[in-house]
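The values are calculated or read from the model by the stated rules, or taken from the named source; none is laboratory data. Small disclaimer: the values here were computed from a predicted structure and weren't measured. We place every Cβ from the backbone using ideal geometry, glycine too, and count neighbours over all the protein chains shown. Only protein heavy atoms, including side chains, enter the accessible area calculation; ligands, DNA and RNA are left aside. Shrake-Rupley method; radii C 1.70, N 1.55, O 1.52, S 1.80 Å.
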Amino acid sequence: MTPNFSIKHSNYRVHEIPAIVAMAVYEKDCADWVDQAIGSIRQQSYSDFLYVIVIDGHISPELLAVIMQHAEDDERLVIIEGSANRGLATCMNFAIDWSLSLKPQYFFRMDADDISEFNRLEKQITYLTKHAHVAILGTGLIEINEQNNQVGSRVMPQTNRQITRLLPRRCTINHPTVCIRYKVFTDGYRYDDALQNTQDYFLWIELAAAGYIFCNLKDKLLRFRRVNDFYKRRGLIKSLNEFRARFRAMRWLKRLTPYNLFYACMVLGLRMMPSGVVKMAYKLDRHLLEKIIKH
């Protein structure tokens, strides 16, 4: 076991489990939202899973108390504690590696400020059971604000052809909604833990280039938290990472076109603009994506 991580709480009594749900929590997460996130997974209509929560460094006593109360009430929760903040990719890679011995089939992502619909896991597993060729399955989502009120929605392209064709322009899988077959991980793929952001985008590009099949359900199976600073300027590092990801997708997926290059440069410029401009561009992008999906 990596010295940075240790098992803080574990009462599970299984040797094999079909599904793992993995979530990272760090010091800036809101205790109320984490409570709602955990509760939404515990109340799923599909129940045969372990919920691996990785505490990414120091967190407040209030936040820890929320997590540990859920763990005491539900033996499906495994709490892993990191001695220092290492980032989402490192936490998810550890959850993946730790759970391999349980021979799971499905890896679900969950974020600490979102809410999964009660039938999310069941619907995704049902689809993957019927479509053995699909390796990565996302869903649509509803965007909510701090008060849990709906402020938007997002439906992504559904077919592998649409998803991979659009990857050089946008991340076409909503990361908090994703379910990944464990075969992807036993084949050796992981998140790039050298990245502090956009880890999912880079992973989708790598998997698409390797020939794995993607799909998105049109069902909105997650309530995604869109907070007040959602439209603020992104940091230079994150914006540059997104640009790098788009350029890599163009090269690896053989879609290096003038339009894709122009789009990547345009988005990089927009990321540096005032929040009002970013908000307007975001809404326009959602509108254009819906038209692309319909056609």
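Couplings for segment 35-47, taken from phi via the Karplus curve 6.51 cos²θ - 1.76 cosθ + 1.60 with θ = phi - 60°, read 4, 5, 4, 5, x, 5, 7, 4, 9, 5, 5, 8, 10 Hz in order; Gly and Pro are left as x. Measuring how big segment 91-208 is from its alpha-carbon positions, Rg and Dmax come out at 14.6, 41 Å.
Computed from the alpha carbon positions, the gyration tensor of segment 1-160 leads to an equivalent ellipsoid with semi-axes of 24, 21, 15 Å, biggest first.
For segment 121-134, 3J(HN,Hα) computed residue by residue from phi via the Karplus equation (6.51, -1.76, 1.60; θ = phi - 60°) reads 4, 4, 5, 5, 5, 4, 5, 5, 5, 7, 10, 5, 7, 7 Hz, glycine and proline entered as x. Mean-square fluctuation check for the chain, GNM, Cα pairs under 10 Å: which of A112, A208, A194 is largest? In this elastic network of the chain, the residue with the biggest mean-square fluctuation among A112, A208, A194 is A194. Our coupling estimate for segment 75-90, obtained by passing each phi through the Karplus curve with A = 6.51, B = -1.76, C = 1.60 and θ = phi - 60°, is 5, 6, 8, 10, 9, 10, 10, x, 6, 8, 5, 10, x, 4, 4, 5 Hz, Gly and Pro reported as x.
Within the listed set I38, I17, I115, the Gaussian network model of the chain (springs between alpha-carbon atoms below 10 Å) gives the highest mean-square fluctuation for I17.
Annotation: amide H of V151 within the under-5 Å range of E143, I144, N145, sequence separation 5 or more or interchain, hydrogens built in the peptide plane. Of the solvent-accessible surface of the chain, computed with a 1.4 Å probe and all protein chains present, 52% belongs to carbon and sulfur. The charge dipole of segment 1-72, taken about the Cα centre with unit charges on the Cβ atoms of Lys, Arg (+1) and Asp, Glu (-1), comes to about 180 debye, rounded to the nearest 20.
Semi-axes of the equivalent ellipsoid of segment 41-102 are 20, 17, 9 Å, computed as sqrt(5λ) over the eigenvalues of the C-alpha gyration tensor in descending order.
With a sphere of radius 14 Å drawn around the Cβ of V52, what net charge do the other residues whose Cβ falls strictly inside it have (Lys, Arg +1; Asp, Glu -1)? Intermediate results must be reported in sequence, preceding the final value.
Numbers: positive: K8, R42, R76, R109; negative: D56, D74, E75, E81, D97, D111.
Net charge in that neighbourhood comes out at -2.
Considering only Cα atoms, the convex hull volume of segment 143-221 works out to 120 Å³ per residue.
Sparse packing (at most 16 other Cβ atoms within 10 Å of the Cβ) combined with a DSSP loop state is found for the following chymotrypsin sites (Phe, Trp or Tyr not before Pro) in segment 45-146: F118.
DSSP beta bridges confined to the chain are antiparallel in about 40 percent of cases. Residues considered: I59, I163, I180. Largest GNM mean-square fluctuation over the chain, using C-alpha springs under 10 Å, is found at I59. So which of K123/K238; K28/K218; K8/K238; K123/K218 end up more than 21 Å apart by C-alpha? Too far apart for the 21 Å limit: K123/K238; K28/K218; K8/K238.
In this calculation the C-beta distance from Q69 to N149 is compared with R0 = 35 Å, giving a FRET efficiency of 0.85. Remark: segment 1-80 is approximated by an ellipsoid whose semi-axes, taken from the C-alpha gyration tensor as √(5λ), come to 20, 16, 10 Å, largest first. Legend: calculated FRET efficiency, M266 to N11, from the Cβ-Cβ distance at R0 = 35 Å, rounded to 0.05, equals 0.10. The alpha carbon centroids of segment 1-58 and segment 124-165 are separated by 22 Å.
In the chain, the longest principal axis of the Cα atoms and the axis of helix 236-252 are about 70 degrees apart. Measuring spread by the Cα atoms of segment 108-152 yields a radius of gyration and Dmax of 12.9, 39 Å.
For the chain, find the longest principal axis of its Cα atoms and tell me its angle to the long axis of helix 258-271, 0 to 90°, nearest 10. Taking the Cα atoms of the chain, the angle to 258-271 is about 60 degrees.
What fraction, in whole percent, of alpha-carbon pairs in the chain exceed 36 Å separation?
13 percent
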